[in-house]
Amino acid sequence: MQKNLNVAVIQMVSSHNVADNLNAAQKYIAQAAEQGADWVLLPEYWAIMGQHDTDKIAIAEPFGQGQLQRAMSQWAKQYQIILFGGSIPLQSHENNKIFNTMLVYGRDGECVSRYDKIHLFGYQNDKEHYAESNTIIAGNTLPQLKIDGWRVAQGICYDLRFPEFFRLQQPFDVILLPAAFTHTTGMAHWELLLRARAVENQCYVIASGQGGKHSNGRRTFGHSIIIDPWGEVVAMLPENAGVVMAQIQAQRVAEVREKLPALQHIIFK
């Protein structure tokens, strides 16, 4: 793998206004590129946090077409980055449901990977209720990607809670995970789960989040983060929109795996 890469994680507080979100995303991508980013990760639902769950259905694009995909392709090429496109709504075979999809774009602007979110979030308490299965169709294909020599595992938000999902993607050196964790679940579990995935897979974890109070009243947790293969937090942005950056190092991955060869000791595969 390429020895060292500068990675940038973009945190947003997206609204129901797609044009505003497009402008904000480009601003932060440009900022990351100016600071020398090789890879840039956008958060889940960067293009829209609607007033209603169904709002994303109205802007869903066919795969390979639409303003959101054109924008990401253009940004990757313009800024000469690998762009991990958080997630956007793509049209499905059901009119009232979408796929929640992460697309990855190479430096030539070509789409090199598609992952449709598999695990659909459901949660309720006295004040909150979420049921993604009402508006989203679960994907059924594990992502596979190797880029700049790094083997990449991918997930979206709720996927984080399922360690077997990532083990099925082994071998890999880094996990990319866009999210929009609620403030409630984020306070309790976000960093804990991310560090666990890094430690058990002895890999870097790069996770971007929505991070603040949205126009629809929802509050997301933020804390976009980069974690090394020993589980140490390298960089983090607690709340509000912005960019956090760090360098991922192939030698660090090799060093951790050599000292503690846990991945070689897996019995059940």
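Derivation of every value follows stated rules applied to the coordinates shown; laboratory data play no part. Quick caveat: nothing in here was measured; it's all calculated off a predicted structure. Every residue, glycine as well, gets a Cβ built from its backbone with ideal geometry; the counts of neighbours run over all protein chains shown.
All alpha carbon pair distances within segment 1-74 were sorted into 5 Å bins beginning at 0; the resulting P(r) in whole percents reads 3, 15, 23, 23, 17, 10, 6, 3, 1. In terms of surrounding Cβ atoms within a 10 Å radius of their Cβ, H93, H16 rank from fewest to most as H93, H16.
For segment 112-152, applying the loop criterion from DSSP together with a ceiling of 16 other beta carbons within 10 Å to the trypsin sites (Lys or Arg not before Pro) yields K127.
By how many nm would the segment from Q170 to N23 lengthen if fully extended, with 0.36 nm per residue of separation less the alpha-carbon distance?
Details: separation 147, 0.36 × 147 = 52.92 nm, distance 3.60 nm.
Full-extension gain reported as 49.3 nm.
Quick one: compute the contact order of segment 153-269, relative version, from alpha carbon pairs under 8 angstrom and 6+ residues apart, as a percent. Write down the numbers at each step before the final one.
Numbers: 209 pairs, mean separation 23.6, N = 117.
Reported as a whole number, the value is 20 percent.
Over the chain, what is the relative contact order in whole percent, taking alpha-carbon pairs under 8 Å and six or more residues apart?
Once divided by the residue count of the chain, the mean separation gives 21 percent.
Using the Cα atoms of the chain to build a convex hull, what is its mean projected area in square nanometres? Mind showing how you got there, number by number?
Details: hull surface 52.5 nm².
Dividing the Cα hull surface by four gives the mean projection, 13.1 nm².
According to the square roots a ≥ b ≥ c of the eigenvalues of the Cα gyration tensor, what is the shape class of segment 17-125, taking rounded for a/c under 1.5, prolate for a/b larger than b/c otherwise, and oblate for the remainder? Since a/c reaches 1.5 and a/b is larger than b/c, the shape of segment 17-125 is classed as prolate.
Of the DSSP H helices in the chain, not one has a Cα length along its own long axis of 27 Å or more together with a mean Kyte-Doolittle hydropathy reaching 1.0. Name the residue farthest towards the positive end of the dipole of segment 131-269 from the options N134, Y204, L176, assuming +1 on Cβ of Lys and Arg, -1 on Cβ of Asp and Glu, about the Cα centre. Final value for the positive-end residue is N134.
Can you give the FRET efficiency for L260 and N6, using 1/(1 + (r/R0)^6), R0 = 30 Å, r = Cβ-Cβ distance, to the nearest 0.05? The partial results should precede the final answer.
Details: r = 27 Å, r/R0 = 0.88.
So the FRET efficiency works out to roughly 0.70.
Think of the chain as having a plus end and a minus end, set by charges on the Cβ of Lys, Arg, Asp and Glu; of L260, P89, I29, L260 sits farthest toward the positive end of this dipole. A Cβ-based charge dipole, computed about the Cα centre of the chain with Lys and Arg at +1 and Asp and Glu at -1, lands at about 240 debye.
How large is the dipole of segment 17-157 about the Cα centre if only Lys and Arg carry +1 and Asp and Glu carry -1, each at its Cβ, rounded to the nearest 20 debye?
On the way: 11 positive and 15 negative charges, 65 e Å.
In debye, rounded to 20, segment 17-157 gives about 320.
For chymotrypsin sites (Phe, Trp or Tyr not before Pro), the sites in segment 59-101 that DSSP calls loop and that have at most 16 other Cβ atoms within 10 Å are F63. Label positions at H16 and A138, each projected 7 Å from the Cα along the C-beta direction, are separated by 3.0 nm.
For segment 1-102, the list of GluC sites (Glu not before Pro) that fall in a loop by DSSP and count at most 13 other C-beta atoms within 10 angstrom reads E94.
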